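The values are calculated or read from the model by the stated rules, or taken from the named source; none is laboratory data. Because the structure is a prediction, the values reported are computed rather than measured. Virtual Cβ from ideal backbone geometry, glycine too; neighbours counted across all protein chains shown. For accessibility, only protein heavy atoms count, side chains too; no ligands or nucleic acids. Shrake-Rupley method; radii C 1.70, N 1.55, O 1.52, S 1.80 Å.
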Amino acid sequence: MAKIKIKMEKLSKIYNKGKPNEKVVLKNIDLQINDGELVAIIGKSGAGKSTLLNIMACIERFTYGSYKLMGTEIGGRNEHDLCRIRNERIGLVMQDFALVEELTSIENVMIPLDFSKSGDSGSEKQALKALEDVGIADLAMKRCNMLSGGQKQRVAIARAIAAHPGLILADEPTGALDTITSYEIMEMFKSLNKQGKTVVIVTHDPKVAEQCQRVIEISDGTIIS
Ligand SMILES: Nc1ncnc2c1ncn2[C@@H]1O[C@H](COP(=O)(O)OP(=O)(O)OP(=O)(O)O)[C@@H](O)[C@H]1O
Ligand SMILES: [Mg+2]
């Protein structure tokens with residue numbers, strides 16, 4: 001039987017709870033993602049896709065319900081625990097790359113590695129290996145503000161995979177890229193999935209979604225298919 005990677009039960013997210021500007025963004029989400037799946041999350045702007053992905057990534061908290069990541073309940077954990085869980089289990093690719101523009105590619109990839117291992121000397125090798133895996137080892141010493149959008153996205157993916165997490169989460173990873181570069185980036189996610197990683201991609205692009213094994217559509221904070 002397939003192992004469960006992500007399990008959400010009756011999960012809700014309310015911003016500004018109890019205030020006049022209270023907003024229910026996710027309502028009673030029931031969701032299961034198994035080990036090794038390649039899943040797309042689609043839906044209109046404002047539907048709650050990023051909120052859902054950020055909760056999966058343990059960078060945002062939920063208000064009600066339960067979220068188990070590889071069997072570990074995430075609700076009620078302190079920041080320290082959440083940080084550790086994130087570092088060990090999750091590789092996150094943010095919508096706008098979220099790189100430190102003034103640093104080189106390799107320095108960007110090393111940020112989470114240094115953070116999780118307090119400056120282990122192996123992290124430079126590990127970062128270089130990750131850059132190699134995404135095909136840009138030659139750009140290791142180049143500052144990120146000198147790179148193209150596609151190259152930046154590769155650095156962001158290298159940073160996400162460097163610590164070998166089993167779960168890769170990506171928010172609109174092809175949103176800012178041209179068709180050919182989008183295709184290459186999608187090939188990379190598919191190849192990571194073939195290597196056994198569970199991959200969840202938030203996307204507006206039907207071409208990206210149709211390459212995934214399963215598509216979850218959310219509308220107004222609810223899963224509709
Ligand atoms: N910090 C916040 N405080 C209050 N409301 C928020 C906050 N962050 C997001 N929202 C609201 O939550 C809803 C869902 O936002 P979310 O970013 O998850 O949508 P999305 O589906 O990712 O949209 P897009 O496709 O435009 O990225 C939106 O109505 C948004 O305005
Ligand atoms: Mg979003």
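Being part of a strand (DSSP E or B) and farther than 11 Å from ILE90 by Cβ is the filter; apply it to segment 52-70 and report the residue that is least open to solvent (accessible area, probe 1.4 Å). Result: TYR67.
Selection within segment 192-225: residues that are among the hydroxyl-bearing types (Ser, Thr, Tyr) and under 16 Å from the mean Cα position of the chain (by Cα). The member of this set that is farthest from ligand 1 (Cβ to nearest atom) is THR198. Applying the set (1) within 16 Å of ligand 2 (Cβ to nearest atom); (2) at pLDDT 95 or above; (3) not in a strand (DSSP E or B) to LYS13 leaves exactly one unmet item: (3). The lone criterion from (1) out of contact with any Asp or Glu (no Cβ under 6 Å at 6 or more places or on another chain); (2) surrounded by fewer than 14 Cβ atoms within 10 Å (Cβ to Cβ) left unmet by ILE224 is number (1).
In segment 108-153, the residue that is least open to solvent (accessible area, probe 1.4 Å) out of those that are polar (S, T, N, Q) and modelled with pLDDT under 90 is SER123.
Kindly check whether there is at least one residue in segment 86-94 that is part of a loop (DSSP other than H, G, I, E, B) and modelled with pLDDT under 95. Yes; the residues of segment 86-94 include at least one that is part of a loop (DSSP other than H, G, I, E, B) and modelled with pLDDT under 95.
Summed over segment 175-203, the residues that are open to solvent by 10 Å² or more (accessible area, probe 1.4 Å) and not in a helix (DSSP H, G or I) give a count of 7.
Does LEU169 qualify as being out of contact with any Ser or Thr (no Cβ under 8 Å at 6 or more places or on another chain), open to solvent by less than 80 Å² (accessible area, probe 1.4 Å), modelled with pLDDT under 90 and not in a helix (DSSP H, G or I)? No: the conditions fail for LEU169. If you check LEU139, LEU99, LEU113 for being touching a residue at least 24 places away in the same chain (Cβ under 8 Å), in contact with an Asp or Glu (Cβ under 9 Å, 6 or more places away or on another chain) and among the aliphatic types (A, V, I, L, M), only one passes: LEU113.
Residues in segment 26-44: is at least one in contact with a Gly (Cβ under 9 Å, 6 or more places away or on another chain) and small (Gly, Ala, Ser)? Yes, because at least one residue in segment 26-44 is in contact with a Gly (Cβ under 9 Å, 6 or more places away or on another chain) and small (Gly, Ala, Ser). Of the residues making up segment 105-125, none is part of a strand (DSSP E or B) and either aromatic (Phe, Trp, Tyr) or away from ligand 1 (no atom under 16 Å from the Cβ) (or both).
For the condition more than 18 Å from the chain's Cα centre (by Cα), part of a loop (DSSP other than H, G, I, E, B) and within 16 Å of ligand 2 (Cβ to nearest atom), LYS44 qualifies.
Of the residues making up segment 2-16, one or more are acidic (Asp, Glu) and exposed (fewer than 15 other Cβ atoms within 10 Å of the Cβ).
For segment 23-36, the criterion of a residue being out of contact with any Lys or Arg (no Cβ under 6 Å at 6 or more places or on another chain), open to solvent by 70 Å² or more (accessible area, probe 1.4 Å) and farther than 15 Å from ILE216 by Cβ is satisfied by at least one position. Among the residues of segment 154-166 satisfying the criterion of being within 19 Å of GLU124 (Cα to Cα) and either open to solvent by 30 Å² or more (accessible area, probe 1.4 Å) or outside any helix (DSSP H, G or I) (or both), which is nearest to ligand 2 (Cβ to nearest atom)? Across segment 154-166, the extreme among qualifying residues is ARG159.
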